[in-house]
Amino acid sequence: GLSILQLGALSSIFPLAYMNSKFIAGVLADVLGSPVLIFSLGMMLTGVCNIGFTMGSTVPWFTFWWILNGLVQGCGGTPCGKMLVNWYPTVTRGRWWSTWNASTNIGGFLIPLIAGSIAARYGWRWGMRAPGVIALAMGVLCYFTMSDSPEKLGLPSAEDQHAAKTGGASESEEATKKDVAEPKANEGAEPKEESKWQMLLGNKFLWCMGAMHFFVYLMRQGTMNWAHFYLMDQYGLPALEATSRICGFELGGLFGCISSGLLSDILIARNPQAGAAGMRARVMFLYACLTPIAILALWKLPPIAWLQWSAMALFGFSIYGPQTLITMTGVETVPKKIAASAGGILAYPAQLGSMFAGLPFALVVRKLGWSGYFPCLILLSLLSALSVLPGWNALSWTQKEVAAKKRAA
């Protein structure tokens, strides 16, 4: 078997591979113009890696396949984000994006049951092979059934279709129509490599989203890593009981994920002249303001099971709301041609936040105890809420194009 140190090394390597994978996959999806190809290929290779992992028994073998798995698993998020931008208009994109994002909660719930049941009956190797076969089959299915954009099927753009259904067009939709008619002047054109990176790295809103992404993942992993130990250490709960009180996080997260997208869509529909990105940023701020309340509740409420479960559910609700909107809102502030690259850039602070949740919190708990741990979480939650404030009135990329045309007219 593997030692604790070896397992720890493997678990640390994976996020490093994963965050680089998301960025590379995003850039490739933009350069090749085919997010479906990158997504499907990544899913098939993930299945191959799962199966390959089970074919050996040495640490170098496991390390090779685990790193490779991290490198190909990241091919899911950023290409999917680009497809969602292509297929759904701004005014309804939030609900579709949040529904897609909820698949991580559903998958995270189902896969342990499926893989665990198979592993219990046939051994751990088949517990990994079964998900691998599923991923391989689904990758092939996606490649032959999905399309990159409606335009590639000879259909009007998502914005144009929405305008036709509603009997009119907002300013953002008009801009999208002009982009299709005049690709050289708008986002239909392939940005030059230099201007592309200047556009991404010079986008102040993306920096705000990156900062919030870092804090959200730092708090999420910092809480999920240590909440079990807190309940067991502070109240003497057995591990199973502590886990049952923590599990409210995922259910609350599911509702936070879906509701944040719906709420941001409603705000955009009711305020068509306001900055679309700013409307979503306000939703993120609202959810972020609930996070310190949830942390304080877990810390100070009596150790009653349903109260602690509710505190964790509220924490999940407040974390998954912004987590769902961050990448979507970020990619809405850049041209569609580089949307996947923007999503890849935003993956870095998220994974860095996860990585920083280990040792720093361990040092805080060891030196200051739980009376130092919870104030640190509250401080981080406040910084998370503050980081999104500069984007309060931010415009989407399409709205910026409209404003530029008006100034030029």
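Suppose the filter is open to solvent by less than 50 Å² (accessible area, probe 1.4 Å), modelled with pLDDT of 95 or more and among the polar types (S, T, N, Q); does Ser260 pass it? So Ser260 passes the test. Look at region 146-161: where a residue is among the acidic types (Asp, Glu) and a partner is open to solvent by 70 Å² or more (accessible area, probe 1.4 Å), sitting 6+ places away or on another chain with Cβ atoms under 8 Å, you get Glu151/Val180; Glu159/Lys177; Asp160/Lys177; Asp160/Val180.
Looking at region 298-311, which of its residues are without any contact (Cβ under 8 Å) to a residue 60 or more places away in the chain and within 16 Å of Leu251 (Cβ to Cβ)? Give the derivation first.
Taking region 298-311 first, the residues without any contact (Cβ under 8 Å) to a residue 60 or more places away in the chain are 300-302, 304, 306-307.
Within region 298-311, Trp306, Leu307 qualify.
Can you find even one residue in region 389-407 that is under 16 Å from Asn225 (Cβ atoms) and aromatic (Phe, Trp, Tyr)? No, because not a single residue in region 389-407 is under 16 Å from Asn225 (Cβ atoms) and aromatic (Phe, Trp, Tyr). When we screen Arg220, Arg245 for residues that are open to solvent by 10 Å² or more (accessible area, probe 1.4 Å), part of a helix (DSSP H, G or I) and touching a Leu at 6+ places or on another chain (Cβ under 7 Å), the only hit is Arg245. The residue that is least open to solvent (accessible area, probe 1.4 Å), counting only those in region 393-409 that are part of a loop (DSSP other than H, G, I, E, B) and among the aliphatic types (A, V, I, L, M), is Ala394.
Scanning region 28-58 for residues that are buried (at least 19 other Cβ atoms within 10 Å of the Cβ) and either in contact with an Asp or Glu (Cβ under 9 Å, 6 or more places away or on another chain) or under 20 Å from Ala339 (Cα atoms) (or both) gives Leu28, Ala29, Asp30, Ser34, Pro35, Val36, Ile38, Phe39, Ser40, Leu41, Gly42.
Being open to solvent by less than 30 Å² (accessible area, probe 1.4 Å) and part of a helix (DSSP H, G or I) is a property that does not hold for Ala137.
Just to verify a result, which residue in region 93-106, among those that are open to solvent by less than 30 Å² (accessible area, probe 1.4 Å) and either more than 23 Å from Ser149 (Cα to Cα) or of a type in the set (Ser, Thr, Tyr) (or both), is modelled with the lowest pLDDT? Of everything passing the filter in region 93-106, Asn105 is modelled with the lowest pLDDT. Among the conditions (1) closer than 30 Å to Asn203 by Cβ; (2) not in a helix (DSSP H, G or I), Met279 misses just one, which is (2). Annotation note: Cβ proximity below 8 Å between a residue of region 364-378 that is in contact (Cβ under 8 Å) with a residue 12 or more places away in the chain and under 16 Å from Ala294 (Cα atoms) and a residue that is open to solvent by 80 Å² or more (accessible area, probe 1.4 Å) and of a type in the set (D, E, K, R) (sequence gap 6+ or interchain) occurs for Trp370/Asp233. In region 326-347, the residues that are free of Cβ contacts under 8 Å to residues at least 24 places away in the same chain form no Cβ pair under 8 Å with any partner that is acidic (Asp, Glu) and not in a helix (DSSP H, G or I), whether six or more places apart or across chains. Residues of region 73-83 that are in a helix (DSSP H, G or I) and either open to solvent by 20 Å² or more (accessible area, probe 1.4 Å) or free of Cβ contacts under 8 Å to residues at least 40 places away in the same chain (or both): Gln73, Gly77.
Restricting Tyr230, Tyr287 to those that are open to solvent by less than 70 Å² (accessible area, probe 1.4 Å), within 17 Å of Leu377 (Cα to Cα) and at pLDDT 95 or above reduces the list to Tyr287.
The values are calculated or read from the model by the stated rules, or taken from the named source; none is laboratory data. Since we're looking at a predicted model, the values are computed, not measured. Ideal geometry is used to build each Cβ from the backbone, glycine not excepted, and the neighbour counts take in all protein chains shown. We work out accessible area using only protein heavy atoms, side chains counted, and drop any ligands, DNA or RNA first. Shrake-Rupley method; radii C 1.70, N 1.55, O 1.52, S 1.80 Å.
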